[in-house]
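Here's the structure we're looking at; comments come further down.
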Amino acid sequence: MSKLTEIQKKLKAPKSNYNSFGKYNYRSCEDILEAVKPLLGDNTLILSDEVVQIGDRIYVKATAVFRDGATETRVSAFAREAESKKGMDESQVTGTASSYARKYALNGLFLIDDTKDADTDEFVKATERTKAKTPKRTEPEEPMMTPLQKAKIQRLTDENQWVIMVGTYGEPETWTSAQADKWIEQLERRANNA
């Protein structure tokens, strides 16, 4: 068994950060590095970034390289810089894209899955528990998000934030009007504080 395979099997990188806006736990690049360092032994892990332009957009290409003396394994991931981000200078925007790209390069290298697969026993059991705890709704369903609310949320978020919201909450067609109002309020407050 290769040294990389051993590390992939042993690595436990907990989701130690909490996003209070989205109400979910997540792991950062730093969490992965903290978990993998004790497992490296004499092996080497190198992270590097390269800024690349594709069309008229700027991307950060992060590469994670694992060396065990005899072999070298490389995995790269891209993250696009936001054109602008309220409250951040250009170096912070690049740093955010770098952290995001590095995290996904490490995820690929160490086979870390940030999602729950729909065909796993854990997913099925969690879904069944949720269904069992959810009372049957007798009142009418909440109204769905309006096109105006969707446009306002898109205007208040950059593309990376929008992708994260869709990844976290599902497709916008499933968002309720009440959820949209709450997010708009939070995004406007954050924009005013920036």
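The values are calculated or read from the model by the stated rules, or taken from the named source; none is laboratory data. The model shown is predicted, which means the values in this text are computed figures rather than measured ones. Counting neighbours? That spans all protein chains shown, and the Cβs are built from the backbone with ideal geometry, glycine included.
Sort out which residues of region 59-95 are of a type in the set (Ser, Thr, Tyr) and in contact (Cβ under 8 Å) with a residue 60 or more places away in the chain, and write them in order of number. Listed by number, the residues that qualify are THR71, THR73, SER84.
Applying a threshold of 8 Å to beta carbon distances and a minimum spacing of six or more residues, or different chains, the list of pairs starting in region 40-58 at a residue that is at positive phi and ending at one that is surrounded by 12 or more Cβ atoms within 10 Å (Cβ to Cβ) and not in a strand (DSSP E or B) reads GLY41/LYS3.
In the set LEU40, LEU45, only one residue is surrounded by fewer than 16 Cβ atoms within 10 Å (Cβ to Cβ), out of contact with any His (no Cβ under 8 Å at 6 or more places or on another chain) and more than 26 Å from GLN161 (Cα to Cα); that residue is LEU40.
Residues in region 48-59 that are in a strand (DSSP E or B) and either in contact with a Gly (Cβ under 9 Å, 6 or more places away or on another chain) or exposed (fewer than 15 other Cβ atoms within 10 Å of the Cβ) (or both): SER48, GLU50, VAL51, VAL52, GLN53, ILE54, ARG57. The test for being surrounded by 10 or more Cβ atoms within 10 Å (Cβ to Cβ) and at pLDDT 70 or above holds for GLU72.
In region 1-36, the qualifying residues are those that are closer than 19 Å to GLU72 by Cβ and surrounded by fewer than 13 Cβ atoms within 10 Å (Cβ to Cβ), and the one that is modelled with the lowest pLDDT is MET1.
Taking region 3-29 as the region of interest, how many residues are touching a strand residue (DSSP E or B) at 6+ places or on another chain (Cβ under 9 Å) and outside any strand (DSSP E or B)? Give the derivation first.
We begin by selecting, within region 3-29, every residue touching a strand residue (DSSP E or B) at 6+ places or on another chain (Cβ under 9 Å); these are 3-4, 7, 14-19, 24-29.
The next check asks that each one be outside any strand (DSSP E or B); those that pass are 3-4, 7, 14-16, 27-29.
The qualifying residues number 9.
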